[in-house]
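Worksheet for the structure shown next.
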Amino acid sequence: MKILVINCGSSSLKFKLIEMQDETVLAKGNCERIGAGGHVKCKANGTTVSYDCELQNHAAAFEKVSELLMNGDTKVIDSPDDIAAIGHRVVQGGDIFHKSVLVDEKVKDGIRSLIDLAPLHNSANLQGIECAEAAFPGKPNVCVFDNAFHSTMPPRAYMYPLPYRYYQDYKVRKYGFHGTSHRYISVRLHGMHPEYRKIIICHIGNGSSVSAIKDGEVMDTSMGMTPLDGFIMGTRCGSIDPAIVTYIQEKEGVSPERMNEIMNKESGLLGLSGVSSDMRDLRKAANAGNERAQLALDVLYYQVAQQIGAYMVSLGGFDALVFTAGIGENTPMTRKIVCDFFKFFGMKLDPKKNEAAIGKEMRISTDDSSVAVYVIPTDEELMIARDTKALIRR
Ligand code: ADP
């Protein structure tokens, strides 16, 4: 059974075709700059094709994906009929969707009703679903929501201390994101060590979030009503004193839209360092003596450690800590500095194992560490494909 996984952004479409029999990836790629030129990349059969081409809209991008999967060097299927179903990442499920669902008109209305809460994401996700319905007629589509896994959070974790009517009228509350990644890690670790009841997962990439999980259920997570909340990210500021927003707006006559853009795209590691949002560039710059690049890294390490500390309290201690995503999986230095904050608590990394764990699954703590520390590469697409398979079988 082959499942196509789609992650549709406002100007991009990422795809992966997975053979579910052995969960292998047959093809993966992306369409970028949709509506503003166009570029496609696809890796399949051991070759990669990458070229510019006109992609006027998401429908054109879907046509391109079908063409790539059925023709030339990247051909992996004979016809659209070879695809059993399509699984979609949907960012905001609000408090309507607490688990993955098969798409029907009611589900699409639900996603549409949540566009206000995630304007860029949910409208692109909906567009992706509608284009998939047109490109693969008659095939089931499944939605996997980014925040569904976080729906077990108790009210004390998800409520903001604002007038209660904002929650009632506009659904202002913490939803959390990266849920599919946190769920993948939680399931994976449970499969290896069912005895770990309390775990803290650090998903550190361009976007980052930490979650606190007890018996497979999320108790708290660092992203909030939007993916801007939490700690410092590539270009997002994470949590800041809320009064700063109006202060800067008044000082510089900045509109709410522009302020939103500054906090989402010009802040974080990029804003602080003035160098880059990318960990590799920052480390190079810091090693060459750039103090602001080092400052940005110091803030990242400190804030991740603080977040773990907070969740240690939420969970009443913890059994395991997991690092995942681009930075979490690939930078031993980040893991070392973050874990060093917990020396007082008896957390100990094995330096050799930590250095060796680059993009691979490994336990990196010593046998006598107070908590087990792991690197587990995340796989959101596989989780989406598994949910899709389970739902279409039902
Ligand atoms: P996204 O949130 O876009 O999915 P990723 O999880 O891919 O992001 O993480 C991107 C971050 O991971 C970037 O800061 C990048 O520099 C860092 N990263 C990825 N691979 C490596 C590596 N091999 N060494 C150091 N940093 C890496």
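The values are calculated or read from the model by the stated rules, or taken from the named source; none is laboratory data. Just so it is clear, the structure is predicted and the values come from calculations on it, not from any experiment. Ideal geometry is used to build each Cβ from the backbone, glycine not excepted, and the neighbour counts take in all protein chains shown. Note: areas computed on protein heavy atoms with side chains; ligands, DNA, RNA excluded. Shrake-Rupley method; radii C 1.70, N 1.55, O 1.52, S 1.80 Å.
When each of His88, His58 is tested for being modelled with pLDDT under 95, in contact with a Gly (Cβ under 8 Å, 6 or more places away or on another chain) and not hydroxyl-bearing (Ser, Thr, Tyr), the lone residue that passes is His58.
Might you check whether a residue that is open to solvent by less than 10 Å² (accessible area, probe 1.4 Å) and over 30 Å from Asp215 (Cα atoms) occurs anywhere in segment 70-82? Yes, segment 70-82 has at least one match. Taking residues in segment 278-300 that are open to solvent by 80 Å² or more (accessible area, probe 1.4 Å), and partners anywhere that are β-branched (Val, Ile, Thr) and more than 10 Å from the ligand (Cβ to nearest atom), the pairs with Cβ atoms closer than 9 Å and at least 6 places apart or on different chains are Lys284/Val275; Arg292/Val275.
Taking the criterion of being closer than 18 Å to Met312 by Cα, aliphatic (A, V, I, L, M) and without any contact (Cβ under 8 Å) to a residue 60 or more places away in the chain, the residues of segment 322-348 that qualify are Ile337, Met347. Figure legend. Inter-residue proximity from segment 92-117: first residues without any contact (Cβ under 8 Å) to a residue 60 or more places away in the chain, second residues among the β-branched types (Val, Ile, Thr) and in a loop (DSSP other than H, G, I, E, B), beta-carbon distance below 6 Å, spacing 6+ or different chains. Indicated pairs: Gly110/Ile96. In segment 20-36, is there at least one residue being open to solvent by 30 Å² or more (accessible area, probe 1.4 Å), touching a Ser or Thr at 6+ places or on another chain (Cβ under 8 Å) and polar (S, T, N, Q)? Checking segment 20-36: at least one residue is open to solvent by 30 Å² or more (accessible area, probe 1.4 Å), touching a Ser or Thr at 6+ places or on another chain (Cβ under 8 Å) and polar (S, T, N, Q). With respect to Val275, is the statement that it is among the aliphatic types (A, V, I, L, M), in contact with a helix residue (DSSP H, G or I) (Cβ under 6 Å, 6 or more places away or on another chain), closer than 17 Å to Lys174 by Cα and crowded, with 17+ Cβ neighbours inside 10 Å true? Criteria not met by Val275.
Of the residues making up segment 139-153, those that are among the polar types (S, T, N, Q) and more than 14 Å from Thr226 (Cα to Cα) are Asn141, Ser151, Thr152. A residue that is assigned to a helix (DSSP H, G or I) and within 16 Å of Ile384 (Cβ to Cβ) occurs nowhere in segment 154-163. Note on segment 305-330: residues that are within 16 Å of the ligand (Cβ to nearest atom) and over 24 Å from Asp367 (Cβ atoms) amount to 4. With respect to the stated conditions, Val49 fails to be part of a loop (DSSP other than H, G, I, E, B) and open to solvent by less than 50 Å² (accessible area, probe 1.4 Å). Cβ-Cβ distances below 7 Å connect the following pairs, each with a first residue in segment 186-207 that is surrounded by fewer than 19 Cβ atoms within 10 Å (Cβ to Cβ), a second residue that is polar (S, T, N, Q), and a separation of six or more residues or different chains: Asn206/Ser277. Annotation note: Cβ proximity below 6 Å between a residue of segment 302-315 that is over 19 Å from Thr152 (Cβ atoms) and a residue that is open to solvent by 20 Å² or more (accessible area, probe 1.4 Å) (sequence gap 6+ or interchain) occurs for Ala305/Phe341. Applying the criterion of being in a helix (DSSP H, G or I) and among the hydrophobic types (A, V, I, L, M, F, W, C) to the residues of segment 373-394, the residue that is nearest to Gly317 (Cα to Cα) is Met383. Residue count for segment 339-388, restricted to those that are away from the ligand (no atom under 16 Å from the Cβ), among the polar types (S, T, N, Q) and under 18 Å from Cys202 (Cβ atoms): 3.
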